[in-house]
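Everything below concerns the one structure shown next.
The values are calculated or read from the model by the stated rules, or taken from the named source; none is laboratory data. None of these values were measured; they are calculated from a predicted model. All Cβ positions, glycine included, derive from the backbone under ideal geometry; neighbour counts span all protein chains shown.
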Amino acid sequence: MKSSDERQFRVARCAFRNQICSACGAEIEREFSKFCRVCGKLLLEEYQPLDTLRASYRLQGKSFQFEKSDERQAENLFEENKNSASATASAFVVYSLVPYLGILFCPGAFVMGGIGAFVAYRKPFLGGGKTSIYSIALSVVIFAVQILLWWLLYIIPELGRI
């Protein structure tokens, strides 16, 4: 003969019979089932907001992994730069992007980039070597574009007279 505790347990479990899964809506057919046959959700749990989404992709009981855990460390794109000359050179490069007036800042970016590269060579713990080299290269390119803009400013009125 069964004990009263065992009977209560069976009666409590029978309450799940012919009910509906809170995640996918499937009918629960087995009396002692713990998980839904369709989506795999634990039947003792209540509805949770992501249940429908997880059930549609059959991801019930699995955790979401948003990023791959790669053994390599990501490269630090913004390394610490205590080299004030390279920081000044990068500021000159930004200021030189202003059309027409930016040509005044291109020589400053070139010179400060050179000084910053020299400081980074002499004192590598300060950093800023890459920033200085980029500032030198960008100052030359931006200077060429600024010269083109000034030449267009001169040539367009001349073309209008012809």
Scope the stretch 108-133; condition hydroxyl-bearing (Ser, Thr, Tyr) and either closer than 11 Å to Ala85 by Cβ or crowded, with 17+ Cβ neighbours inside 10 Å (or both); matching residues: Thr131, Ser132
What is the one condition in (1) at pLDDT 75 or above; (2) over 30 Å from Ser139 (Cβ atoms) that Ala23 does not satisfy? (1)
Which of the numbered conditions does Ile142 fail, given that it passes all the others? Conditions: (1) in contact with a Leu (Cβ under 7 Å, 6 or more places away or on another chain); (2) surrounded by 13 or more Cβ atoms within 10 Å (Cβ to Cβ); (3) at pLDDT below 95. (3)
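Return yes when Tyr95 is in contact with a Gly (Cβ under 9 Å, 6 or more places away or on another chain), surrounded by fewer than 17 Cβ atoms within 10 Å (Cβ to Cβ) and modelled with pLDDT of 95 or more and no when it is not.
Working: in contact with a Gly (Cβ under 9 Å, 6 or more places away or on another chain): yes; surrounded by fewer than 17 Cβ atoms within 10 Å (Cβ to Cβ): yes; modelled with pLDDT of 95 or more: yes.
So Tyr95 passes the test.
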